[in-house]
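Participant: Just passing along the structure, written as structure tokens.
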Amino acid sequence: MPDLELIPHTKRRKMTKARAAKIFLREQGQCYLCKRKLRVGVDSYQIEHPVPLALGGSDADEDLRVVCIPCHKSKTATDAASKAKRDRLVTAGLKTAKRSKFQSRGFAKAEPQRSATRPIIKRERTDA
Ligand SMILES: [Zn+2]
């Protein structure tokens, strides 16, 4: 998978009944995964993004497909796994990106300053 972490989320347009019906008719009510013919008013169906929007998939009507409920459920689970993988890559990317090549020595660990029994001691600043 090339540069999975660089793919932005596609903006989702509103799925209207008219939009769903148009896609259903074009696909002739066939689930694109199990190829089952779905009957209008009998079988429930959903409109699906074959490539999830979260992974940069298209939201154009011609790229949307009809799916039956069981297929959509398993597809959603698979997509969730891909998204989780992408998120892990993004997180890993940020973690390595934040680290500078030129690292300072850092600060010496300070003695604990405040305690109930010991007064605060002002220490002299040492510029390294
Ligand atoms: Zn199906």
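The values are calculated or read from the model by the stated rules, or taken from the named source; none is laboratory data. Quick caveat, the model's predicted, so the values are computed rather than measured. As a convention, Cβ positions derive from the backbone with ideal geometry for all residues, glycine included, and neighbour counts pool all protein chains shown. Surface accessibility is based on the protein's heavy atoms, side chains included, excluding ligands, DNA and RNA. Shrake-Rupley method; radii C 1.70, N 1.55, O 1.52, S 1.80 Å.
Participant: Would you mention how many residues in segment 73-128 are at pLDDT 70 or above and closer than 30 Å to Val51 by Cα?
Facilitator: The number of residues fulfilling the criteria is 21.
Participant: Would you pick out the residues in segment 69-81 that are within 16 Å of the ligand (Cβ to nearest atom), among the hydrophobic types (A, V, I, L, M, F, W, C) and either open to solvent by 50 Å² or more (accessible area, probe 1.4 Å) or touching a Ser or Thr at 6+ places or on another chain (Cβ under 8 Å) (or both)?
Facilitator: If the condition is that a residue be within 16 Å of the ligand (Cβ to nearest atom), among the hydrophobic types (A, V, I, L, M, F, W, C) and either open to solvent by 50 Å² or more (accessible area, probe 1.4 Å) or touching a Ser or Thr at 6+ places or on another chain (Cβ under 8 Å) (or both), then Ile69, Ala77 are the ones that fit.
Participant: Still on this model: Inside segment 38-64, can you point out the residues that are surrounded by fewer than 17 Cβ atoms within 10 Å (Cβ to Cβ) and within 10 Å of the ligand (Cβ to nearest atom)?
Facilitator: Correct list: Asp43 only.
Participant: Being at pLDDT 95 or above and in a loop (DSSP other than H, G, I, E, B) is the filter here, so list the residues in segment 17-42 that pass it.
Facilitator: Glu27, Gln28, Gly29, Cys31, Tyr32, Leu33, Cys34, Lys35, Arg36, Leu38
Participant: Can you go through Arg19, Arg13 and tell me which one is away from the ligand (no atom under 16 Å from the Cβ), open to solvent by less than 40 Å² (accessible area, probe 1.4 Å) and of a type outside the set (Phe, Trp, Tyr)?
Facilitator: Arg19
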